[in-house]
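All remarks here apply to the structure that follows.
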Amino acid sequence: MSDLSPTLPDPASAESDGYRFGLDAGHLALDFANTISRREAPDESRDRLTQYGRLVSWGREAELLTEKEDKRLRAEAAERPRAAIAALRRAVALRETIFQLFVALARGQSAPESALDALNAALPDALAALRLRLDAGGFSWRFVHGETDLAPILSPIVRSAAELLTSADLARIRECGSDTCFWLFLDRSKNGTRRWCDMKVCGNRAKARRHYHREKKTSRRARPS
């Protein structure tokens, strides 16, 4: 009898599988929280950070890593698979912390103390990696990590989450209006009424569902008694 069970991805894999992430939230920390699709629909939930290589791909797409850094991290992870898995676990734990904080705020609830404690615990290491750099037009911040750190992208994510919590944009955090999506985004619309994480995806799906139900009701009314 053949084994029909699905093959789980190797979390230590440092290869790129070509997956492209959606970066539509309008903020770094929220984009990171959105690396799960349909989070609260158990039968349809899809975790996109299933292996180390995807964590690196996300960092590259989010412009936190250069091409050179991308290649170095993948090579280092291939030599140290256990460290790669540990880095991935740290990333997933941070993602869940960020989601718990901001989904609660988007729903008008209080921020969970445990999630705030976890973010505060991550802040010292993240901020300790900050350095000032002299650029052509002045000075700028940069993050500096040792070459053995396989999760350097987490520091800017931690910082961005903390900055969002203390900014005026906090009131603009929204949860997608789809009942299966659960992605977070910043509503920068003029009147603050944006409902969907992506109008082309969730917005169009909602329109299609409404149209289907209207057509169904119309057809029922038109049937002869």
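None of the figures in this text is laboratory data; all of them are computed from the coordinates on show. Values in this document were obtained by computation on a predicted structure and should not be read as measured data. Cβ: placed from backbone, ideal geometry, glycine included. Neighbour counts: every protein chain shown.
Please list log₁₀ I(q)/I(0) at q = 0.12, 0.13 Å⁻¹ for region 28-192, using the Debye equation with identical point scatterers on the alpha-carbon positions.
Values returned for q = 0.12, 0.13 Å⁻¹ are -0.58, -0.68.
Return the loop-located trypsin sites (Lys or Arg not before Pro) in region 10-39 (DSSP other than H, G, I, E, B) with at most 13 other Cβ atoms within 10 Å of their own Cβ; answer none if there are none.
Sparse-neighbourhood loop trypsin sites (Lys or Arg not before Pro): Arg20.
Determine, for each peptide in 27-35, 155-163, 108-116, 8-16, the mean count of other beta carbons within 10 angstrom over its residues, then list the peptides with the highest first.
Result, highest mean Cβ count within 10 Å first: 27-35, 155-163, 8-16, 108-116.
Need the C-alpha centroid separation for region 85-141 versus region 154-174, integer Å.
Distance between centres, Cα-based: 8 Å.
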